[in-house]
């Protein structure tokens, strides 16, 4: 694959240095990212792909049962075709020429802490885009998608409130024809509050929720206080379209020092926002 746009041949780094940076960037992102743990990934499509299409569906009512197959049924068809731009997410970092020379003279591995920090910041922004969207750029996220379901949240500081909200929201999705596996995503405060014994069961409340949400129970700082959701996972409902997956490029010499960029391009595709039920309000 031609990756000349990364400008790596012009950098002062060796192949071993680049391998260390690539491994570090991917490892840091993998530990940080939440959205990709339950969303399907479409792609990578290529660094030059700047937009992607997807359909929102109508005709998703019940199937028919008939001996001869002559009973009319609604056809699953594209209700609307969405043409979405794929934005870049990026963060720059600097390696100083004197540090690089020091590592060379000592025959020591390159310190890639700055690359790790940049990767962590990009991963945080990716989750923010997936969950919250970006109002300025016109993207919706899972928590504010038009057409999602909502329920009023209870006070999650009270034992059992979180479990009951999940039960109610899950029932609402099932009534709408959105079945499991389900994933639950919560703000860190609500997530922490579930680590208590539920009633007289001797089992933590979060473990009861995991039995209902087999797609996983997750926390993310991308969600603000008093925000959470349950969603029916599945490529028919939403996915993340990736142009260029997380990677590092060299930006050229800057007063003898060496700036680099950790970047990616992706967008959330909301095909059936009714597969989301958010918990709103509460404490």
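The values are calculated or read from the model by the stated rules, or taken from the named source; none is laboratory data. These figures come from a predicted structure and were not determined experimentally. Cβ coordinates were reconstructed from backbone atoms using ideal geometry, including for glycine residues, and neighbour counts include every protein chain displayed.
Right, residue 125: without any contact (Cβ under 8 Å) to a residue 40 or more places away in the chain, in the same structural domain as residue 46 (by TED's automatic domain parsing) and closer than 20 Å to residue 245 by Cβ or not?
On the way: without any contact (Cβ under 8 Å) to a residue 40 or more places away in the chain: yes; in the same structural domain as residue 46 (by TED's automatic domain parsing): yes; closer than 20 Å to residue 245 by Cβ: yes.
Answer is yes for this residue.
Determine if region 101-119 includes at least one residue that is under 17 Å from the mean Cα position of the chain (by Cα) and buried (at least 18 other Cβ atoms within 10 Å of the Cβ). Working first, answer last.
Going through region 101-119, the residues under 17 Å from the mean Cα position of the chain (by Cα) turn out to be 119.
If we keep only those that are buried (at least 18 other Cβ atoms within 10 Å of the Cβ) as well, we get 119.
Looking through region 101-119, at least one residue is under 17 Å from the mean Cα position of the chain (by Cα) and buried (at least 18 other Cβ atoms within 10 Å of the Cβ).
Please identify the pairs in which a residue from region 148-166 that is in the same structural domain as residue 181 (by TED's automatic domain parsing) and on the phi > 0 side of the Ramachandran plot has its Cβ atom under 9 Å from the Cβ atom of a residue that is surrounded by 14 or more Cβ atoms within 10 Å (Cβ to Cβ) and outside any loop (DSSP other than H, G, I, E, B), counting only partners at least 6 apart or on another chain.
160/205
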